[in-house]
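See below for the structure under consideration.
The values are calculated or read from the model by the stated rules, or taken from the named source; none is laboratory data. Note that this is a predicted model, so its numbers are computed, not measured. All Cβ positions, even for glycine, are placed from backbone atoms using ideal geometry, and neighbour counts span all protein chains on display. These accessible areas exclude ligands, DNA and RNA; they are computed on the full protein's heavy atoms, side chains included. Shrake-Rupley method; radii C 1.70, N 1.55, O 1.52, S 1.80 Å.
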Amino acid sequence: MTLRQHGSQRLQSLTRWAAGVGVGLVGVAFFVTVFFVGNYWPRKNAARRIRDAGRTVMALLPAATAETDRARLQEAIDCTARAVWTDSLPKEDALPLADACLDAVSDGELSADEVAAVKALASALCLRGGASR
């Protein structure tokens, strides 16, 4: 075997090795991406949905609602959204809050009973999630 043939074989070997490492890295990146997207984004979208539905409720609160009640409701909704965002509370358990908020405002106004129901649900979910207030 000549020196040129030996060098050519060594170059082919190194090329195959580098290609194998490259394919391996691409495979790892693919699986990390699939895990990240599959686990991260649905949770974040659920938290955003809860936050947005809560904003709608807050916008339609009757003017007679006491400022302390307003603040408590807003904090309970924010706390629940944070709990979902940080994965302290499963999104499947918390999404009924978004549905309750949207159901409460479906007719364009909120009754005292609807506000109390949303506040009770949000407070209970916040406590279950253990998110900081």
Selection count where residues are modelled with pLDDT of 90 or more and touching a Pro at 6+ places or on another chain (Cβ under 7 Å), scope region 77-120: 1
Candidates ARG43, ARG55, filtered to the one that is within 22 Å of LEU125 (Cα to Cα) and at pLDDT 90 or above: ARG55
Residues satisfying the stated conditions in region 73-93, i.e. of a type in the set (A, V, I, L, M, F, W, C), assigned to a helix (DSSP H, G or I) and open to solvent by less than 60 Å² (accessible area, probe 1.4 Å): LEU73, ALA76, ILE77, CYS79, ALA81, ALA83, VAL84
Whichever residue in region 44-72 is within 13 Å of TRP85 (Cα to Cα) and without any contact (Cβ under 8 Å) to a residue 40 or more places away in the chain and, among such residues, is nearest to the chain's Cα centre (by Cα): ASN45
Among (1) out of contact with any Leu (no Cβ under 9 Å at 6 or more places or on another chain); (2) open to solvent by 50 Å² or more (accessible area, probe 1.4 Å) - the single one ALA47 does not satisfy: (2)
Every pair of residues 6+ apart whose Cβ atoms lie under 8 Å, when the first sits in region 97-108 and is farther than 14 Å from ALA76 by Cα while the second is part of a helix (DSSP H, G or I) and acidic (Asp, Glu): ALA104/GLU114
